[in-house]
2 protein chains.
Amino acid sequence: MLESAEVGHKVAKATYAREETKLREALLNAQYEIAEAGRGPILVLISGLEGGGRGETANKLNEWMDPRFIRTSAFGPGAPEEEARPLAWRYWRALPPRGRIGIFMNAWYRQLVNAHVRHEVTDMQFDARLQEVRQYEQMLTDEGIVLLKFWVHLSRPAQKQRLHELESSRKTRWRVTAIDKAALKHYNKFHDKWEQMLRETSIASAPWYVVEGADPNYRNLTVGKILLEAMGKVNAGAKPAPRAVVAPPPSVIGNVALIRRLDLTQKLDDDRYERELAKWQARLAELTQRKRFQERSLVLAFEGSDAAGKGGAIRRVATSLDARQYVIVPVASPSQEELAQPFLWRFWRQIPARGGIAIFDRTWYGRVLVERVEGYCSVPDWMRAYDEINQFEEQLVRAGAIVCKFWLQISKAEQLKRFEARQKTAYKRFKITRDDWRNRKKWAGYEQAVADMVDRTSTELAPWTLVEAEDKNFARVKIVKTIATQLERALD
Amino acid sequence: MLESAEVGHKVAKATYAREETKLREALLNAQYEIAEAGRGPILVLISGLEGGGRGETANKLNEWMDPRFIRTSAFGPGAPEEEARPLAWRYWRALPPRGRIGIFMNAWYRQLVNAHVRHEVTDMQFDARLQEVRQYEQMLTDEGIVLLKFWVHLSRPAQKQRLHELESSRKTRWRVTAIDKAALKHYNKFHDKWEQMLRETSIASAPWYVVEGADPNYRNLTVGKILLEAMGKVNAGAKPAPRAVVAPPPSVIGNVALIRRLDLTQKLDDDRYERELAKWQARLAELTQRKRFQERSLVLAFEGSDAAGKGGAIRRVATSLDARQYVIVPVASPSQEELAQPFLWRFWRQIPARGGIAIFDRTWYGRVLVERVEGYCSVPDWMRAYDEINQFEEQLVRAGAIVCKFWLQISKAEQLKRFEARQKTAYKRFKITRDDWRNRKKWAGYEQAVADMVDRTSTELAPWTLVEAEDKNFARVKIVKTIATQLERALD
C-alpha cells in the first residue's frame, strides 16, 4: 500500500498554477458552506515521515482556506497540565466544534510509531493499541466528525535526501531526531510496520490516504483535492459511513432482577448512622490527604432514580474532603458549546488532574438512561455508547484515576412519598418538575435501562455499586464506606 | 481596624449549635434562590494569617451550603500553563458564572503581602499594586460580581500558639513557611502593612471584613452571617454599589478628524504590492521563528468598518506564520457560558501562552464600538470599559505579549461599492446582513466612537495603528509591515 507513494509523483509548475487557483476557490466555498450550516466538523490528521512536508501541507491548507475557521494543533511532548491527565485529554480539548476544521499533526500516531521503533512495546501491545485507535476513531466518526487521515510518505532515497537537507541547515537541524535516523536506517523493517499500522487503522469511515511527499506540488494538490471531495460530500448531506450495523446485543434475560431484588428494607438507626458515617468520613479524609493520593485522582459518578437522594449523599462525601481539592459537576442539559461536540466531550473537560477529585451529579450514563428511554438519541447511538463509556473509563483508570460509580435505587412507593413531600414544602429547591412525573411513568423502561447499563459497564476497573437508598442513612454510609474502601485498596 | 479582631471573641457551644442550625437553613435557601435565578455570582475571597483557619472556613461554607454550586480555588505557585500567561489569567479562569458561588483562597493578596514581607517591592511599588487591585476589584463588582472579602485575623499571642500547634504535628508542619515565621517575628511591623493593605483595598463595593480566627465557632458564624446578609441583598434585587458616578470625560473636540483626515487615496500597484508583501511576510516569518520569540507572545487585534477587509488582511498575516503557532479567534455574539461572565472573560480565555500568537477578528473593543453606538450596554458600562481595556492590555504586555491593534478605515462610498458587489456575488460568505446596513446608517456615531477609542486606548504599550484600507494592497502591506516592525523592535 505504500509502494505507489514511492514512485516519484510530480506535478508540473504550469499545471499546478492552473489547478491551484480552481482548487482554492472551491475549497474556500466548501469551507464557508460548512461553517455557515454548522456541518461536520472536519478533522484532518496529517502524519507520516519526517521530511515529507507535513507542516508545509498544514500551512498550505490554512493559506488556501479561511484560517479563521481552522485550528491547527501540534502535539509535542505533553505539557504538564496534560501529563497530569489521561493521554486522550489533549485530543479532546483540541477537537473542532461543528462548522470548523481541525488539523491535528501526528496526534495519536506519533506515539504509536515511536513506541514501536524504540522497542517500548511488544508486537502484541502494538496490536492492542491499534485496536484502541480504531475504536477511538470509530467513535469520533460515529459522533459525526469527518475524519481525514493523510500519511505523507517518502521513498527511502527521497527521505535520505530530505533528512540530509534538513541536517545541513542550522535552522532545521533540530527537526531531525534520533528516531528519524533510526527509521531511515531500518527503513525496510519499519516499512512493514507502517503498512500494518495504516492497514489496521483504515476503517471504512476513516481510511488512510497515503500521499507521496517528495514533490510539494503533487502533495498539496492531492491533499487539497481529497479534502475538497470530502467537504463536498458533507455539504451534499452525506453522513460518515456508519459502523457495520449489528443487532443490539439482547439484554440478559431477566436482568432487571438485579434492581428489583435489591433489599430496600435495609436501614440504619440514627445513632449507628452518626457513628458509622463519622468513622468512614474520617477514613476518607485521611486517605485523600495521603501523599500517595497526589499521584492518583478520584472520579465519582452518581446516578439514581429521581428523588433517590443523590444530592444528600454527595454532600456527605464532600464534607470529608478539602474544598480546595474537589469539584462537583452538576450535569444538566448541554450548553451550545457542548452540543457542537461528541457527547463525551463535556465530561472530558471536567476530568481532574492528579491529586484532584471530580464528583459528577449525573453523568455520561445519561446517554444510556434518559436519552435511551425517552428516545432522545437513536438506538445505534446509545447502543454504541456502552463500549465508548467503557473505553473512556479505562483511559481514566489507566492514567491513575479511581472510578466509583453509584446507582441509588428507591421503590416506586417511596419515590411517590418523596415527590409529595417535596410538593408540600415551600422551598423552591424541592420543586418537582413535569419531567419527574413523566420519568416516573416510564419506571419499567428505566429499570431495564439500568439493568442493561450495569450488565454492560460494570467492569473490574470501574465497577458499579448498587445502593439501596430507601433509607437515607443506610445509603449514605454505604456510599462513603465504598469510596473509602476502594480508595484504600488502590493506595495500598 | 485590626485591633477589634484581637480581643478574643468567642461563641459558646450551645449558642453556636442553636445559631448554626438557623444559619445553615437560611444560607441554603438563599443559595438555591441565587442558583435558580442565575443571580450574582458571589465571589468569596478568604485571606488572612496562617493558622487563622481560612481553609476550615471554606470547608464549613461548603458543608453548610450545597457544594454542587460552589467552586473553591486555591492559588499556589503557578502551574506551568499559568506561568506562561499573565498572572491574572488564573483568576479569570476560576471566576464563578452567574448563579454560582466561588471561593478564592488568598488569590491576589498572597502575592501582595509576601512580596512586601520579602522586601521584593518598594513602598511605592506596593502602593501601585494596591491601586491595581482596587481597579481590578472595582471592575469585577461593576460587572455584577458580588465580592466578599474576609481577612481572618489573629492576635500575636494567638498566632504564636497556632503556629506552634501546627509545627508540633507532622501532618501540618509543612503549612508553616518561612514567611509565616517572619510575619510572626515582625508582627508589629507587618501589622501596619496589613492595615494599610486592608484600608486601601476596601472599596465601597467590596469592603474587607476582618474576622478574628482564634475561635472557630465565632469565625464561622461571623463569616456565615455576613455571607447570608449579602446573599439576601442579592436576592432582594440589590446591585453592588456602583462606582462613584463621574461625568463621562468629553470627547476631545474634533477628534473625529483623526479618522476623517486619513489619506484614503494611498495605493500600491500590484507589482509593488507583491514585492513588498513578500518582503514583510518573510520578515514576519523569520521573527516568529526566532528562539527569543518563545519567551514572548503576539496578540493581534483587528477592528474596522464593515467590509473594510479585515478577513483578507488576517489571511495575509496568517500565511507568514506556522499554522501550529497561531490561533485565529473570530468574535461573534457571546455564547451562554460567556454571557454569564464579565465581558473580558471570553478574551482572557483565548490569551496565548508564551511562544503563541492569537489573532482576534473583532475584539474586546466591541464594548466601546457596536455596544456603545447601538446602545447594547449602559453609558457607565462602556465608559468604564476604556480603563478596563487599558489594564487588560497592560497585563498582557507586562507578561511579555506584543500587542498590535489595527483599525481599518474605508470611505462611505467605498463601503457601498463593496456591499453592492457582495450582494451580486453568488457566494454565501459574502452575504450582507441587515446589521451591516443598519450600522452604515450610524456612520457618524461609529466615527465618533472610533475616535474616542483611539484617544483613550492608544497607549505606549499597546498603540493603535490606523489603516487606510480603501486600497486593499496598501492596507495589507501596512499591516504586515507594522507587525513585523513592532515585533522586531520588541525582540531586539
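For the range A:330-349, enumerate the residues that are closer than 17 Å to residue A:300 by Cβ and out of contact with any helix residue (DSSP H, G or I) (no Cβ under 8 Å at 6 or more places or on another chain).
none
Provide a single number: the residues in the range A:318-337 that are more than 9 Å from chain B (Cβ to nearest Cβ) and either more than 21 Å from residue A:288 (Cα to Cα) or aliphatic (A, V, I, L, M) (or both).
4
If you go through the range B:350-377 one residue at a time, how many are over 20 Å from residue B:311 (Cβ atoms), among the aliphatic types (A, V, I, L, M) and within 14 Å of chain A (Cβ to nearest Cβ)?
1
Out of all the residues in the range B:98-127, which are within 13 Å of another protein chain (Cβ to nearest Cβ) and either in contact with an Asp or Glu (Cβ under 7 Å, 6 or more places away or on another chain) or among the small types (Gly, Ala, Ser) (or both)?
B:99, B:102, B:107, listed by residue number.
Condition first: in contact (Cβ under 8 Å) with a residue 40 or more places away in the chain and of a type in the set (Gly, Ala, Ser). Now tell me which residues in the range B:126-145 satisfy that.
Within the range B:126-145, just B:144 meets the criteria.
Just give me the residues in the range A:302-317 being within 14 Å of chain B (Cβ to nearest Cβ) and touching a residue at least 40 places away in the same chain (Cβ under 8 Å), in sequence order.
Within the range A:302-317, A:302, A:309, A:310, A:311, A:312, A:313, A:314, A:316, A:317 meet the criteria.
Can we say residue B:40 is at positive phi, in the same structural domain as residue B:155 (by TED's automatic domain parsing), surrounded by 18 or more Cβ atoms within 10 Å (Cβ to Cβ) and part of a loop (DSSP other than H, G, I, E, B)?
Considered against the rule, which asks whether it is at positive phi, in the same structural domain as residue B:155 (by TED's automatic domain parsing), surrounded by 18 or more Cβ atoms within 10 Å (Cβ to Cβ) and part of a loop (DSSP other than H, G, I, E, B), residue B:40 comes out as yes.
Any idea how many residues of the range A:295-316 are within 24 Å of the chain's Cα centre (by Cα) and either assigned to a helix (DSSP H, G or I) or at pLDDT below 90 (or both)?
Total satisfying the criteria: 1.
Take the residues in the range A:66-97 that are among the small types (Gly, Ala, Ser) and within 12 Å of another protein chain (Cβ to nearest Cβ), then tell me which one is nearest to residue B:359 (Cα to Cα).
This residue is A:73.
Examine the range A:389-399 for a residue that is at pLDDT below 90 and not hydroxyl-bearing (Ser, Thr, Tyr), and state whether such a residue exists.
No: the range A:389-399 contains no residue that is at pLDDT below 90 and not hydroxyl-bearing (Ser, Thr, Tyr).
Mind counting the residues in the range B:403-443 that are surrounded by fewer than 12 Cβ atoms within 10 Å (Cβ to Cβ), outside any helix (DSSP H, G or I) and at pLDDT 80 or above?
Residues meeting the conditions: 0.
Between residues in the range A:476-492 that are crowded, with 17+ Cβ neighbours inside 10 Å and residues that are part of a helix (DSSP H, G or I) and polar (S, T, N, Q), which pairs lie under 7 Å by C-beta distance while being six or more apart or on different chains?
Going by the 7 Å Cβ cut-off, the qualifying pairs are A:480/A:281.
Return yes when residue A:469 is at pLDDT 95 or above and either aliphatic (A, V, I, L, M) or touching a helix residue (DSSP H, G or I) at 6+ places or on another chain (Cβ under 6 Å) (or both) and no when it is not.
So residue A:469 passes the test.
I want to confirm something. Restricting to the range B:113-125 and keeping residues that are surrounded by 12 or more Cβ atoms within 10 Å (Cβ to Cβ) and free of Cβ contacts under 8 Å to residues at least 60 places away in the same chain, which single residue is farthest from residue B:183 (Cα to Cα)?
Residue satisfying both the conditions and the ranking: B:125.
Looking for something surrounded by fewer than 14 Cβ atoms within 10 Å (Cβ to Cβ) and either modelled with pLDDT of 90 or more or under 23 Å from residue B:136 (Cα atoms) (or both) - is there at least one such residue anywhere in the range B:211-231?
Among the residues of the range B:211-231, at least one is surrounded by fewer than 14 Cβ atoms within 10 Å (Cβ to Cβ) and either modelled with pLDDT of 90 or more or under 23 Å from residue B:136 (Cα atoms) (or both), which makes the answer yes.
The rows are residues; the columns are (1) at pLDDT below 90; (2) within 14 Å of another protein chain (Cβ to nearest Cβ); (3) touching an Asp or Glu at 6+ places or on another chain (Cβ under 6 Å); (4) farther than 30 Å from residue A:145 by Cβ.
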residue	(1), (2), (3), (4)
A:156	no, no, no, yes
A:179	yes, no, no, no
A:183	yes, no, no, no
A:188	yes, no, no, yes
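If a residue has to be buried (at least 21 other Cβ atoms within 10 Å of the Cβ) and in contact with a strand residue (DSSP E or B) (Cβ under 7 Å, 6 or more places away or on another chain) to count, how many in the range A:330-351 make the cut?
Total meeting the criteria: 1.
Quick check on my filter: what residues within the range A:43-63 are at the interface with chain B (Cβ under 10 Å from one of its Cβ atoms) and out of contact with any strand residue (DSSP E or B) (no Cβ under 8 Å at 6 or more places or on another chain)?
Once the filter is applied, which keeps residues that are at the interface with chain B (Cβ under 10 Å from one of its Cβ atoms) and out of contact with any strand residue (DSSP E or B) (no Cβ under 8 Å at 6 or more places or on another chain), the range A:43-63 yields A:56, A:59, A:60, A:63.
Which of the residues that make up the range B:445-465 are of a type in the set (A, V, I, L, M, F, W, C) and touching a residue at least 60 places away in the same chain (Cβ under 8 Å)?
Across the range B:445-465, the qualifying residues are B:449, B:450, B:451, B:453, B:454, B:461, B:462.
The values are calculated or read from the model by the stated rules, or taken from the named source; none is laboratory data. Fair warning: this is a prediction, and the values are worked out from it, not measured in the lab. Cβ atoms come from the backbone with ideal geometry, glycine included; neighbour counts cover every protein chain shown.
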